[in-house]
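This report concerns only the one structure given below.
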């Protein structure tokens with residue numbers, strides 16, 4: 001039961017990072033790949049009408065974490081207080097900018113909202129990356145299962161840690177570049193014309209940086225949390241994750257070189273999913289590692305909810321997910337292929 | 001700790017009050033759009049299609065602000081109310097997660113296509129998407145109300161050895177009688193907001209002599225639906241809600257009514273100012289025996305006053321609770337009168353010529369927002385000092401690792417951000433209303 005919920009939560013996080021990761025990545029590249037206003041509209045159109053559906057995977061992840069592992073939910077949400085509110089404000093600004101920028105056909109209006117859109121996407125990728133870094137590095141969890149984390153301390157990943165330190169910032173940069181590269185792959189597939197060509201050139205460069213940063217992150221993680229790699233190679237899911245990472249990279253480079261656009265998107269999705277799966281398998285069963293004392297760490301087995309809650313949720317959760325995907329397919333059929341903003345029923349004025 | 005509790009309460013109250021200004025219109029307006037679209041599908045008359053598109057654009061803006069202000073609510077369960085989430089997460093986490101999984105996925109998949117995708121989806125699928133958004137928003141409302149109902153009237157749980165709550169029977173928890181009654185009352189209230197907004201835009205267009213087809217349509221549907229839901233929100237749903245409070249939360253009822261001292265033949269205060277020092281209502285205008293009759297059905301029924309309860313179990317803010325309840329009930333009564341008058345004039349064929357009434361209908365739209373806010377304040381203040389009624393105090397629920405300064409920091413952030421969001425919202429909606437429905441027509445016919 002505990003393993004199933006751990007897997008479900010990992011799956012939801014993968015869905016969020018792959019789907020909304022494309023939206024973040026494409027969004028942050030908006031000014032780089034789109035030079036004219038029409039081209040920038042094209043980037044928003046490529047993100048498409050389902051961006052909020054993508055975001056629901058994050059909302060669903062949070063609430064499912066509360067159902068399955070309430071101790072982790074409460075410890076981490078309260079502990080990451082300020083960082084989470086920064087994340088929220090960026091989500092608010094980003095959501096609003098997508099919605100309202102399209103309403104008014106005015107260059108200043110558009111420019112202002114596109115700027116907010118780009119900046120909030122960059123900040124979101126950094127914050128999410130830093131959050132993942134914190135979970136990997138561990139937090140100063142006390143024996144009572146609580147912690148409070150300063151935004152930054154002396155930037156050392158050991159001892160008195162903060163939300164931002166050398167390790168978590170490295171992870172944040174890695175995630176930022178990875179999502180940008182993933183977004184570029186998606187834009188290659190969804191657009192045509194100058195945006196497509198610029199995205200393609202950018203994607204090749206970005207993926208080379210991703211490959212280089214992967215080595216750096218691996219070395220750093222080895223220093224900060226060596227047992228993760230031990231866990232990874234002793235779990236079938238760890239191997240699946242590693243296959244995703246390396247298979248994904250191969251797909252990305254062959255896809256980008258051979259103009260097989262879908263293959264490249266598949267590759268970058270597999271790469272991101274692989275990172276998450278390998279990480280999740282590597283740290284299992286420790287969900288929140290304590291940097292103060294190993295015995296304070298919260299494992300999935302300790303944190304799991306008891307009683308009938310998980311049994312009930314195991315019945316409704318699959319039903320809800322299948323329905324969720326059905327809705328997505330119902331809408332997505334109409335938006336396949338390259339985007340054409342002029343096909344929108346309502347035009348700005 | 002005290003500071004954290006105070007600022008966390010203020011932050012939650014502020015963010016939830018602000019947030020709920022938007023979903024109530026979402027839930028109220030959604031079925032109007034479904035209706036206009038359905039008429040368009042049936043009759044093929046373009047003014048129905050234009051009406052649907054016009055409201056869909058407004059709906060889209062409203063929905064977006066509702067979504068982005070809604071996400072902080074879920075986060076705050078963990079960030080500010082970790083004690084509460086730890087204590088009851090096993091139970092209330094169910095409905096919060098179900099809301100995300102069942103309702104948000106439905107709404108979020110359909111909303112983009114509903115606002116922008118009519119040409120791509122074609123008439124039939126676009127209609128389905130519109131119904132999907134409406135259903136999703138109502139489903140979301142139910143799950144949230146079931147969560148709140150657990151806080152008002154906890155059922156379906158057991159207590160674990162470590163003192164926290166565990167889910168026992170999910171059906172008891174989901175079908176909490178409090179949830180069902182409150183859902184019906186709340187949804188009727190959301191439809192009141194929707195009706196008043198549709199009516200107000202119709203009245204504006206009539207007064208300006210613009211878009212005559214849609215102006216008549218908005219006035220007609222708005223006032224007709226408005227009268228029905230104004231009646232339903234009072235009776236039976238509001239009445240049932242009050243009876244439930246009388247039965248399960250007598251102390252809240254005493255606070256709502258400002259009944260410091262209980263007894264038979266309890267009077268119903270229409271207006272007055274509670275004076276906690278003297279334990280009396282100052283300058284009262286009241287109906288004798290009416291509270292006994294309303295709560296229990298006969299005039300000699302004994303209604304418990306605040307004095308029947310220990311001091312630490314009484315709602316601490318009697319004054320605000322009293323005013324909230326009376327503002328809600330008073331406005332609800334005025335809404336019925338206004339909508340009845342509008343329907344009478346419409347039936348006589350004179351509504352569009354009654355300029356005074358049209359002015360009143362146009363300016364009345366903010367009041368349902370005030371009434372719903374006051375209604376929620378009644379529910380939430382009446383529950384105090386409990387976070388989960390009789391089980392868990394509000395003061396126990398707050399996150400103890402977060403300090404007051406952090407919360408004030410984020411509260412100030414929300415205040416600034418939400419102020420800008422509010423200005424933006426009013427600007428965008430005003431612009432859509434000024435632009436009007438005739439311009440919302442689809443440029444290219446279905447391929």
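We did not get these values from a lab; they are worked out from the coordinates using the rules stated. On a predicted model such as this, the values are computed, not experimentally measured, just so you know. Cβ coordinates were reconstructed from backbone atoms using ideal geometry, including for glycine residues, and neighbour counts include every protein chain displayed.
Give me A:167, B:323 sorted ascending by neighbouring Cβ count inside 10 Å, so fewest comes first.
Arranged by neighbour count, lowest to highest, A:167, B:323 become B:323, A:167.
Helix B:46-79 versus the longest principal axis of chain B: what angle, 0 to 90°, nearest 10, using Cα atoms?
Around 30 degrees separate the two axes.
What angle do you read, to the nearest 10 degrees and between 0 and 90, between the alpha-carbon axis of helix A:81-101 and the longest principal axis of chain A?
With both axes taken from Cα atoms, the answer is about 20 degrees.
Please work out, to two decimal places, the log10 of the ratio I(q)/I(0) at q = 0.15, 0.19, 0.20 Å⁻¹ from a Debye calculation in which every Cα of the range A:1-147 carries one identical scatterer.
-0.80, -1.13, -1.22
Distance between Cα centroids, the range B:336-391 to the range B:249-297: provide it in whole Å.
23 Å
Per DSSP helix of 4 or more residues, -39500 (n - 2.57); summed, then divided by the residues of chain B. What does that give at 222 nm, rounded to the nearest 500?
-24500 deg cm²/dmol
Between A:51, A:316, A:166, find the one with the highest GNM mean-square fluctuation for chain A; connect C-alpha pairs within less than 10 Å.
Among A:51, A:316, A:166, the largest mean-square fluctuation in the Gaussian network model of chain A belongs to A:316.
Contact order normalised by length for the range B:13-103, with contacts defined as Cα pairs under 8 Å and 6 or more residues apart; what percent is it?
32 percent
Mean-square fluctuation check for chain A, GNM, Cα pairs under 10 Å: which of A:221, A:156, A:76 is largest?
Result: A:156 has the largest fluctuation of those listed.
Using the basic label-point model (7 angstrom from Cα toward the beta carbon), what is the residue B:319 to residue B:175 distance in nanometres?
According to this spin-label approximation, the distance is 4.5 nm.
Could you work out the mean count of beta carbons from other protein chains within 10 Å of each residue's beta carbon in B:7-19?
0
In what sequence, highest mean first, do A:58-68, B:329-339 appear when ranked by Cβ atoms within 10 angstrom?
Final packing ranking: A:58-68, B:329-339.
Compute the Cα gyration tensor for the protein assembly as shown, then decide on rounded, prolate or oblate, letting a ≥ b ≥ c be the square roots of its eigenvalues: rounded whenever a/c is under 1.5, prolate when a/b is larger than b/c in the other cases, and oblate in all that remain.
oblate
Would you mind getting me the FRET efficiency between residue A:112 and residue B:14? Use the beta-carbon distance for r and R0 = 35 Å, nearest 0.05.
For residue A:112 and residue B:14, the calculated efficiency is 0.85.
Going by Cα centres, the range A:247-271 and the range A:1-16 are how many Å apart?
Centre-to-centre (Cα) distance: 25 Å.
Classify chain B as rounded, prolate or oblate, taking a ≥ b ≥ c as the square roots of the eigenvalues of its Cα gyration tensor: rounded when a/c is under 1.5, otherwise prolate if a/b is larger than b/c and oblate if not.
Oblate is the answer for chain B, as a/c is 1.5 or above yet b/c matches or exceeds a/b.
What does the highest-first list of B:247-253, B:404-410, A:131-137, B:271-277 look like by mean Cβ count within 10 Å?
Highest to lowest by the protection proxy: A:131-137, B:247-253, B:404-410, B:271-277.
Provide B:383, A:110 in ascending order of the number of other Cβ atoms located within 10 Å of each residue's Cβ, fewest first.
A:110, B:383
Can you tell which of B:395, B:195, B:324 shows the greatest fluctuation in a Gaussian network model of chain B with Cα springs below 10 Å?
Ranking B:395, B:195, B:324 by mean-square fluctuation puts B:395 first.
Using alpha carbons only, how many angstrom separate the centre of the range A:72-112 from the centre of the range B:129-182?
About 29 Å separates the Cα centre of the range A:72-112 from the one of the range B:129-182.
Taking only the alpha-carbon positions of the range B:72-215 and ignoring solvent, what does the Debye formula give for the base-10 log of I(q)/I(0) at q = 0.10, 0.13, 0.22 Å⁻¹?
-0.50, -0.75, -1.29
Cα axis of helix B:177-208 to longest principal axis of chain B: angle in degrees, 0 to 90, nearest 10?
40 degrees
Over the whole of B:427-437, what's the average partner chain Cβ count within 10 Å per residue? Rounded to a whole number, please.
1
Tell me whether chain A comes out rounded, prolate or oblate; compute the Cα gyration tensor, take square roots of the eigenvalues as a ≥ b ≥ c, and use a/c under 1.5 as the rounded threshold.
Prolate.
Taking 7 Å along the Cα-to-C-beta vector as the label spot, tell me the residue A:293-residue B:46 distance in nanometres, rounded to one decimal.
In this crude spin-label approximation the distance works out to 7.7 nm.
Of B:393, A:160, B:120, A:94, how do they rank once you tally other Cβ atoms within 10 Å and put the fewest first?
A:160, B:393, B:120, A:94
Across the residues of A:96-106, average count of Cβ atoms on other protein chains within 10 Å?
For this peptide, the per-residue mean of nearby foreign Cβ atoms is 4.
What is chain A's relative contact order, in percent, from Cα pairs under 8 angstrom and six or more apart in sequence?
23 percent
Place a label point 7 angstrom from the Cα of residue B:400 along the Cα-to-Cβ direction, then list the residues of the range B:63-94 whose backbone nitrogen is under 18 Å away.
Residues passing the 18 Å test: B:78-89.
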